[in-house]
Structures are given as C-alpha cells and as structure tokens.
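Please treat every number below as a calculation from the coordinates, not as lab data. This structure is a prediction, so every number in the text was calculated from the model and none was measured. Note that each Cβ is placed from the backbone with ideal geometry, even for glycine, and that neighbours are counted across all protein chains shown.
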Amino acid sequence: METVRTIAALHQATAPWRAAGERIAFVPTMGNLHAGHLALVREAARVAERVVVSIFVNPLQFDRQDDFQAYPRTLAEDREALAQEAVDLLFLPEVEEMYPRGMEACTRVEVPGLSEVLCGAFRPGHFVGVATVVTKLLNAVRPDVALFGEKDFQQLLVVRRLVEDLNLPVEVRGVPTVREPDGLALSSRNRYLSPEERGRAPALYRALLAARERLLAGEPPGAVEAAGMRELEAAGLRPEYFSVRRREDLEEPGPADGQLVVLAAAWLGRARLIDNLPVDL
Ligand code: PAF
C-alpha cells in the first residue's frame, strides 16, 4: 500500500491505472478505522480493480472546535488495518492541502433542504462541510465508485444528491451498517462511552426496532416518534430527534409512502450516537 499526501502525487499514482482501464473504488474516511470502515474497503475491492482510501479529519464539518480537537486520531493502527486489506493507495492530506486558501475563503458546496433537517438542524454547517470535502475528494481521486456507510444515512443522501446535481461522474454505493452483537452500530464515537454507558447504548437500536414493529402494525408516524423519544429517555439517553421519514429524500411521509426510514440521534455521556433502520410498509 502506497501513501501519498498531495493531490499531485495522487494523480501521478492513479494515472497508470486509468490508462490501463482499471476501475478505481474510493473509501473516504476520517480514520480511527473499525470493522464498519473495513466493510467499505472490502466492498470497494469487490467492485473495482484498484482501491483508494483517504484519511482526513475534516475541520470544516465540525460544528464544535473541541469535538474536532478530541476526534480520535489513530494513524498507526489505521495503517496496520488497511495494510491487511486490498488497499492500493492511502491518501493522507494535511489541512493546507485540502484548504490552501484557508477554510473561511474556500468555495463551499451546499445541498439545500436535505442538509438542514435532522442532524443538520442540530449541527449547523455540518453538511456543508461534508458536501464540500466529499466534492473535493471525489475531484482529487476521480474514482469510478465511491462507498459510504448507511449508518450515516443522511450523509449518504447528501452525497448522492450533490453527485447528481453537480454531474460528477461517479457511482455512489451505500454499504449496510455493521453492528456489535448487541445491536450497537459501530462508530468512532463509541470509544467515548464509559463501560456503564456502553451497556445502555444498544437501547438506541432497540428503540428503532420497536418503531419498525409499530409502523408495521399501522401506528401513525407521530405516535411512533413520540414513543421512540420516551424509550430513549427511559434508557437514560438524551435524544435530539427520533423521526420517521421518507427514505428517498427524508421528507415527512404521507399516507401513500411505503419506503420509510426511522432515524435517531441521542447523547449518552460525551458520545453523540446516531442510527437508522429502513422500514417497508
Ligand atoms: O463519514 C465520514 O467519515 C466523513 O463524514 C467523510 C465522508 C469521510 C467526510 O469527511
């Protein structure tokens, strides 16, 4: 696995692959890799001849400076994990490489509507930061396929929308969430949980499963959302939202909508947990 730190070196490394007609799959990450990231990498290796992974803790998508500073950085372990996988190239840019004019002055990408609801309402500017860095990374790597986890379902839809709206020549693939045996979705932020909080964290997934059962039994979304909020509070979590939405665009569902998703975000100690579950009525 080769490592490059600049966009120029990235272009140099990938040019022969393109010339040989090899397909390139790209997995953007912020590091602190876990089995969820490795599932993305394995899917990337399945769908293309070449795999590029990036590790960049993107300051533009953090709404709080302390969260950015505290974000776990585990480069040595990440490299080791990637070296065990079929990864051809690791792109490891510095902030100056990604934002040479500084973050205030850089051109931004905004996906209106989708970016302002749910997590976007609680983390102002977050999805502009995500959309901007993903656009820049896609333009730098120029992959045929880019892979994103379904755990960050809103992020996946934001990326799909920007790729469509900006006519970027890349296929976006969602990869199913990887869970612990007790249902907790894998996340870099799980490491903020104390052992006692870790024991309570699967309540989030249980509340989503219960919501799915309620929707399948014909309960209206409003009642399902209220019950979800109550369940999370009863388990000692501090929910931001528990919401039933239309799966294609995260709009509130009407009676004719059958493809839904239940999404939730909740604090547990220092950790902000998010998760979601699809529901087909
Ligand atoms: O999901 C993440 O890790 C990040 O939001 C991403 C897509 C790498 C952009 O910084």
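At-a-glance table
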quantity	calculated
Under 5 Å, built H, 5+ apart or other chain: amide partners of Val175	Phe148, Gly149, Glu150
Alpha-carbon Rg with Dmax, taken over region 143-273, Å	16.0, 47
On Cα atoms only, tilt of 203-216 relative to the major axis of the chain in degrees	70 degrees
Expected 222 nm ellipticity per residue - DSSP helices of 4 or more, -39500 (n - 2.57), all of the chain, to 500	-12000 deg cm²/dmol
Footprinting exposure proxy for Glu116, Glu196 (fewest neighbouring C-beta atoms within 10 Å first)	Glu196, Glu116
Given charges at beta-carbon only (K, R positive; D, E negative), |dipole| of the chain in Debye	260 debye
Distance cut-off 15 Å, percentage of C-alpha pairs in region 106-158 lying past it	47 percent
Cα centre as origin, Lys/Arg/Asp/Glu Cβ charges: region 70-142 dipole, Debye	280 debye
The chain, Rg to Rh (Cα coordinates; Rh as Kirkwood inverse mean 1/r)	0.97
Rg in Å to one decimal, and Dmax rounded to a whole Å, for region 1-57 via C-alpha atoms	11.8, 33
Order of Trp17, Trp267 - criterion: other Cβ atoms within 10 Å of each residue's Cβ, fewest first	Trp267, Trp17
Choice from Ala39, Ala15, Ala201 with maximal GNM fluctuation in the chain (Cα, 10 Å cutoff)	Ala15
Residue-count net charge about Asp280 - beta-carbon cut-off 10 Å; Lys, Arg +1, Asp, Glu -1	+2
Degrees between helix 153-165 axis and first principal axis of the chain (Cα, 0 to 90, nearest 10)	50 degrees
Rg ratio (alpha-carbon, reference 2.2 N^0.38 Å) - region 130-218	1.38
For region 22-72 and region 92-115, distance of Cα centres in Å	17 Å
Computed over the chain: relative contact order in percent, which uses C-alpha pairs under 8 Å that are six or more apart	17 percent
Relative pair counts by distance (%), Cα atoms of region 49-195, 5 Å bins	2, 8, 15, 20, 24, 18, 9, 3, 0, 0
Per-residue HN-Hα couplings for region 63-71 [Karplus 6.51, -1.76, 1.60; θ = phi - 60°; Hz; x = Gly/Pro]	7, 10, 4, 5, 5, 4, 4, 7, 4
Selected from Leu204, Leu193, Leu232 as most flexible by GNM, with the chain as the system and alpha-carbon contacts under 10 Å	Leu193
Environment charge of Asp66, counting only residues whose C-beta is closer than 14 Å and scoring Lys/Arg +1, Asp/Glu -1	+3
Per-residue Cβ neighbour rank within 10 angstrom, fewest leading, Cys106, Cys119	Cys106, Cys119
